[in-house]
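The values are calculated or read from the model by the stated rules, or taken from the named source; none is laboratory data. Note that this is a predicted model, so its numbers are computed, not measured. Cβ placement follows ideal geometry from the backbone for every residue including glycine, while neighbour counts extend to all protein chains displayed.
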Amino acid sequence: MNDRTPSGAGWFESVDPGDVEGAATGIRDGSAAAPRNWPVQAVEAGFADGEDDYYDRLREATLAATAAAVEEAERADDRQLAHAVRAMDDCERTANELAERVAEWAGTLFDDAGTGVEYARTLAESDPDGPTERRVVDLARRVASLADERDELRTFVQQQASIVAPNLAAMAGPVLSARLIALAGGLGSLAKMPSGTVQVLGAEDALFAHLRGQASSPKHGIIYTHEYVRNTAPDQRGSASRALAGKLTIAARVDHYSGERKPELDDELDDRIASIRSRGDGE
């Protein structure tokens with residue numbers, strides 16, 4: 001609520017009763033040093049006919065302000081990056097599943113049938129003979145198209161990740177950084193997470209099983225795909241995961257709050273992983 005005049009005018013100051021957008025702006029941008037009897041002031045200002053009318057208008061303005069805030073958040077660059085990496089993964093998963101179907105179907109028609117997306121690409125270039133072969137070849141073309149879209153989305157993710165989160169992308173790689181942002185629900189959410197949570201992002205099923213007493217605690221989630229975890233000796237992966245998660249958390253916070261590129265973070269991580277890998281006494 002606004003507190004812009006000595007009389008302590010509320011968020012409804014200078015807002016026409018029928019101007020929902022203006023009221024929403026007043027709700028989002030306003031503030032007050034102390035609470036006041038806003039319904040009475042709204043009636044005195046001619047904004048509302050009574051207390052019930054004031055609360056009806058307040059509810060309408062609050063809903064409009066919330067909808068505007070949600071739309072703004074969804075349009076943010078980090079949210080677009082999250083959508084892109086999810087779409088990339090969807091294209092890859094669907095292309096692989098359809099490629100299996102193409103291989104199985106083609107195996108009943110062609111002696112030299114192969115497997116995988118690359119075989120689907122090859123088959124897509126062939127000239128079908130008859131309606132059945134045409135259906136198989138057309139399906140193979142869909143696989144090739146999905147694979148092409150996956151590649152284009154990957155290129156987009158690689159470009160955008162370095163813009164949205166330069167430190168995180170440099171440290172984790174653009175695709176992993178985009179997946180972490182997507183799993184966290186945005187760069188801001190990732191920046192506010194403790195490093196222990198970042199460490200197990202993507203391993204929620206294993207974590208819940210551990211909490212139910214049905215499995216051991218997971219040492220890592222999706223960050224396992226990072227070279228510093230995957231290529232570290234098994235008895236050192238827990239330490240490597242913690243070190244990586246800690247630095248990724250710092251990188252996300254720098255990206256979210258300042259956006260300044262800090263190469264020294266990469267050097268610190270390199271040194272820490274080198275130290276972990278040089279140890280010979282386990283974790």
Legend entry - The one condition in (1) polar (S, T, N, Q); (2) touching a residue at least 12 places away in the same chain (Cβ under 8 Å); (3) part of a loop (DSSP other than H, G, I, E, B) that Thr108 fails to fulfil: (2)
Legend entry - Residues (surrounded by fewer than 17 Cβ atoms within 10 Å (Cβ to Cβ) and touching a residue at least 12 places away in the same chain (Cβ under 8 Å)) located in region 263-275: Pro263, Asp266, Glu268
Legend entry - Residue that is farthest from Glu13 (Cα to Cα) [pool: residues in region 41-57 that are among the hydrophobic types (A, V, I, L, M, F, W, C) and in contact (Cβ under 8 Å) with a residue 12 or more places away in the chain]: Ala48
Inset, instruction - Would you mention how many residues in region 183-237 are touching a His at 6+ places or on another chain (Cβ under 8 Å) and at pLDDT 90 or above? - result: 8
